[in-house]
């Protein structure tokens, strides 16, 4: 098998795995934001402040006491709110909290957002399969077997 074809197949396979990971992240974030897991809790925001983000953007980060008695501490969440407000938050599998929003637009984003990385994963997977098949058909000299 030609080395270039093997490297191309490995690169496409790696890209496929990255796209599937991105899709999983968008699915789990959507589940948390829509509270489909049913584990949302209410917190009272005790502090809100602006934080710098990437590409000269800012967002509001708020925090409040954790409602859990087994894990006392502070819950931090990105939310455009103000101090003293009570909001519902849900925990994602990786431990971060997301503000719950069950509006129509949030449902649309949660359903459509995973489709983009899924499509990219399908395209990269198809390219990986094509490169593997091409590598098997040709020998080291580039001639058909």
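The values are calculated or read from the model by the stated rules, or taken from the named source; none is laboratory data. Since the model is a prediction, treat every value here as computed from it, not as a measurement. Virtual Cβ from ideal backbone geometry, glycine too; neighbours counted across all protein chains shown.
List of remarks:
- Of the residues contained in segment 55-74, one or more are found to be part of a helix (DSSP H, G or I) and either out of contact with any helix residue (DSSP H, G or I) (no Cβ under 7 Å at 6 or more places or on another chain) or without any contact (Cβ under 8 Å) to a residue 40 or more places away in the chain (or both).
Yes/no per residue for (1) more than 25 Å from residue 106 (Cβ to Cβ); (2) surrounded by 13 or more Cβ atoms within 10 Å (Cβ to Cβ); (3) at pLDDT below 85; (4) touching a strand residue (DSSP E or B) at 6+ places or on another chain (Cβ under 7 Å):
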{"site": "2", "(1), (2), (3), (4)": "yes, yes, yes, yes"}
{"site": "12", "(1), (2), (3), (4)": "yes, yes, no, no"}
{"site": "41", "(1), (2), (3), (4)": "no, yes, no, yes"}
{"site": "53", "(1), (2), (3), (4)": "no, no, yes, yes"}
{"site": "70", "(1), (2), (3), (4)": "yes, no, yes, no"}
{"site": "87", "(1), (2), (3), (4)": "no, yes, no, yes"}
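- Screening residue 91 on (1) surrounded by fewer than 13 Cβ atoms within 10 Å (Cβ to Cβ); (2) not assigned by TED's automatic domain parsing to the domain that holds residue 118 shows it passes everything except condition (1).
- Some residue of segment 127-134 being surrounded by 13 or more Cβ atoms within 10 Å (Cβ to Cβ) and under 23 Å from residue 29 (Cα atoms): no
- Unmet requirement for residue 83, which otherwise passes all of (1) outside any strand (DSSP E or B); (2) free of Cβ contacts under 8 Å to residues at least 12 places away in the same chain: (2)
- Residue count, segment 30-39 (criterion: touching a residue at least 12 places away in the same chain (Cβ under 8 Å) and surrounded by fewer than 19 Cβ atoms within 10 Å (Cβ to Cβ)): 4
- The condition of being more than 17 Å from residue 22 (Cα to Cα), modelled with pLDDT of 90 or more and part of a helix (DSSP H, G or I) holds for only one of 136, 130, that being 130.
- Condition check for residue 80: more than 19 Å from the chain's Cα centre (by Cα) and not assigned by TED's automatic domain parsing to the domain that holds residue 21: yes
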